[in-house]
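Scroll down for the structure; my scribbles are underneath it.
The values are calculated or read from the model by the stated rules, or taken from the named source; none is laboratory data. In this text, all values refer to a predicted model and were calculated from it rather than measured experimentally. Reconstructed Cβ throughout: ideal geometry from the backbone, glycine too, with neighbour counts over all protein chains shown. The area values use the complete protein model at the heavy-atom level, side chains included, leaving out ligands, DNA and RNA. Shrake-Rupley method; radii C 1.70, N 1.55, O 1.52, S 1.80 Å.
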Amino acid sequence: PVMVRESRLGHIDLLANGGEGAVWTTGWEADRGWQRWQLVHREQEMQPGAPVTALVSRPGHIDLFATGGDGAVWTTWWEAAPGWQRWQLVHREQEMQPGAPVTALVSRPGHIDLFATGGGGAVWTTWWEAAPGWERWHFPA
């Protein structure tokens with residue numbers, strides 16, 4: 001699966017999980033056209049072919065989420081100055097189905113909600129805010 005996202009006006013980001021489990025990105029702008037594909041940090045491989053979810057949680061900031069072959073949910077983010085950051089684990093206490101899609105949304109400013117399907121078929125959720133960081137996975141109420 002390929003994820004397409006407009007991260008800022010006049011710019012399109014294209015993200016894909018390669019057959020080897022690495023996440024790749026490219027971008028398009030009217031005056032520059034399509035750019036070369038770039039690898040998003042290689043230190044963590046995702047389940048090959050697993051969908052990559054992209055979310056613009058605030059202007060100029062892109063968050064990515066994907067499920068690794070180990071069933072863990074991983075995240076990274078991008079901003080123009082620092083570029084792509086290293087992949088970080090979102091709490092390990094709950095394993096998802098390897099390659100399970102991760103749904104992400106901003107339900108209010110500064111708050112990100114994630115939803116994914118666990119190995120037993122149940123839906124799990126977690127959330128992030130700057131001060132506490134990622135909360136533990138739990139069943140939605």
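Computed values, structure above
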| item | result |
| --- | --- |
| The stretch 59-79 - residue that is open to solvent by 40 Å² or more (accessible area, probe 1.4 Å) and in contact with a Gly (Cβ under 8 Å, 6 or more places away or on another chain) and, of those, modelled with the highest pLDDT | Glu79 |
| Failed condition for Met96, given (1) under 18 Å from Trp24 (Cβ atoms); (2) out of contact with any Lys or Arg (no Cβ under 9 Å at 6 or more places or on another chain); (3) at pLDDT 90 or above | (1) |
| Pick from the stretch 6-57, criterion modelled with pLDDT under 85 and open to solvent by 80 Å² or more (accessible area, probe 1.4 Å), ranking: nearest to Gly99 (Cα to Cα) | Glu45 |
| Filtered residues of the stretch 32-66 (kept if on the phi < 0 side of the Ramachandran plot, more than 9 Å from the chain's Cα centre (by Cα) and part of a strand (DSSP E or B)) | Trp34, Gln38, Leu39, Val40, Met46, Val56, Ser57, Arg58, His61 |
| Filter result for Asp113 (of a type in the set (D, E, K, R) and either touching a helix residue (DSSP H, G or I) at 6+ places or on another chain (Cβ under 9 Å) or within 21 Å of Ala22 (Cα to Cα) (or both)) | no |
| First in the stretch 82-106 and more than 21 Å from Arg42 (Cβ to Cβ) and among the acidic types (Asp, Glu), second anywhere and assigned to a loop (DSSP other than H, G, I, E, B) and open to solvent by less than 70 Å² (accessible area, probe 1.4 Å), Cβ under 8 Å, 6 or more apart | Glu93/Trp137; Glu95/Asp70; Glu95/Gly71; Glu95/Ala72; Glu95/Gly119 |
